[in-house]
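Structure first, commentary second.
The values are calculated or read from the model by the stated rules, or taken from the named source; none is laboratory data. Owing to the predicted nature of the structure, the values given are computational and were not obtained by experimental measurement. Here the Cβ positions follow ideal geometry from the backbone for every residue, glycine too, while neighbour counts run over all protein chains shown.
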Amino acid sequence: MKSFGTTLVARLGGIALATMFAAGLIAPTVASAAPAGCNDNIQCITQFGQARVSERLTALNTLNGKLTTLSNHGLLPGSDLQTLQGNIQTNESGLNSLAATFTTSDCNATAAAEKACVVKVYTQFRIFAVAIPVDYATATVDGISSECQKLTNLNLDPMMTAAINASPANIQSQLKQFQATYDQSLAACATDANNATAQLSYFTPANFDNNKSTYQTNWTQFIATEHTAHKDLHSAVDAFHQFVQLYNKNAPHS
Amino acid sequence: MSAYHDDQNQGTGQRARRITGVLGALALVATLALAGCGGNAHKGTQNGGATQQPSGAYGSNGSGSANGTTGANGSGASSSSGNTSTQLNNADQQMQNALPSIDDTQNGTDTNWSNQYPETQP
């Protein structure tokens, strides 16, 4: 089985940079949204922008920690971890640089200028619209793929068959059912994880900005595929767990 | 062998040294005998240790099972069942340990971030 996680992350690696370069040309999705109550008070607008930056930095930091946890469990190859954490660092650096402009004379000369600076928090980064969900999705699919690949490589079937043959006759049928479920779920997991991986490359800030409706439709389809792969993995792990529990309870060695 | 040296250090005289010399020889014979029949047991311990992998590292558990059980039992009679059980339980435990972190990132994917943090202007 090929390592699909690495290629996946490599394709997604340019999202953060692409966002920053492309965003200046793209109109904000909600540029005309209702005012949040600053009434053209420049200090209020500045603080609003700083709060939005802070939310994004916090979310990126949380994501960073979860990636590390996934990697520590051997579910995110080191190169993928580096790529995703590189994206995070790029976004964090960009957000901090943007926040620094809020108090410059260019931005806070007028309320309109300050709003134009603050709205870049959205248009230049798409942190919550694209970056965060796609990074979580990438890590999840990578984790599912890694786990499925590990289980496939582990080749537990011969050991399960040996355990069945060594078990009392009255539980062998049940053990065989668990083994069959495990085998089927593991095979499905690999296929569905591959399908989810293939869809991920579409989800870029550019596609979000250019056609939000299509983006949302595709995202919904992706989530369904990802859920199927996730469910397959759980089914395989649960079937194996039930197998081991029944074997432990009844096998002669116990 | 260590008993011989301990008694020497106590320095209780020639008779004591003769006695301990005999005991030392017996201990040496016993040690050699244990080493002779315990080769497999040592292998068993080594292979058993191979199951203690870092979380997520399943791959090395699959081999060496026969030696491990044979050594532990000293006879090789019921060679497969004990180690099969160990490996099955080890794989099961590692699967159980891996799932929560995947579930955690799945929750992050499922979160509607745009609703939680709408892109509104001040």
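Conditions first: (1) in contact (Cβ under 8 Å) with a residue 24 or more places away in the chain; (2) assigned to a helix (DSSP H, G or I); (3) under 30 Å from B:A91 (Cα atoms). A:G74 passes all but one, so which condition is the exception?
Condition (2) is where A:G74 drops out.
If you go through segment A:210-233 one residue at a time, do you hit one that is in a helix (DSSP H, G or I), within 11 Å of another protein chain (Cβ to nearest Cβ), within 18 Å of the chain's Cα centre (by Cα) and closer than 30 Å to A:P168 by Cα?
Within segment A:210-233, one or more residues are in a helix (DSSP H, G or I), within 11 Å of another protein chain (Cβ to nearest Cβ), within 18 Å of the chain's Cα centre (by Cα) and closer than 30 Å to A:P168 by Cα.
Which condition number does A:L63 fail, the rest of (1) out of contact with any Leu (no Cβ under 7 Å at 6 or more places or on another chain); (2) assigned to a helix (DSSP H, G or I); (3) over 16 Å from A:P205 (Cβ atoms); (4) modelled with pLDDT under 95 being met?
Every listed condition holds for A:L63 apart from (4).
Of the residues A:A112, A:A129, only one is hydrophobic (A, V, I, L, M, F, W, C), within 25 Å of A:N39 (Cβ to Cβ) and in a helix (DSSP H, G or I); which?
None of the other options fit; the residue is A:A112.
Of the conditions (1) assigned to a helix (DSSP H, G or I); (2) in contact with a helix residue (DSSP H, G or I) (Cβ under 8 Å, 6 or more places away or on another chain); (3) more than 9 Å from chain B (Cβ to nearest Cβ); (4) among the hydrophobic types (A, V, I, L, M, F, W, C), A:A100 satisfies every one except a single condition; which number is it?
Condition (2) is where A:A100 drops out.
Among the residues of segment B:82-96, how many are within 7 Å of another protein chain (Cβ to nearest Cβ), in contact with a Ser or Thr (Cβ under 8 Å, 6 or more places away or on another chain) and surrounded by fewer than 18 Cβ atoms within 10 Å (Cβ to Cβ)?
The total comes to 0.
More than 24 Å from B:E119 (Cβ to Cβ), within 13 Å of chain B (Cβ to nearest Cβ) and either among the aliphatic types (A, V, I, L, M) or within 24 Å of the chain's Cα centre (by Cα) (or both): does that describe A:G143?
Against the criterion (more than 24 Å from B:E119 (Cβ to Cβ), within 13 Å of chain B (Cβ to nearest Cβ) and either among the aliphatic types (A, V, I, L, M) or within 24 Å of the chain's Cα centre (by Cα) (or both)), A:G143 qualifies.
Among the residues of segment A:46-97, write down those that are at the interface with chain B (Cβ under 9 Å from one of its Cβ atoms) and acidic (D, E).
A:E55
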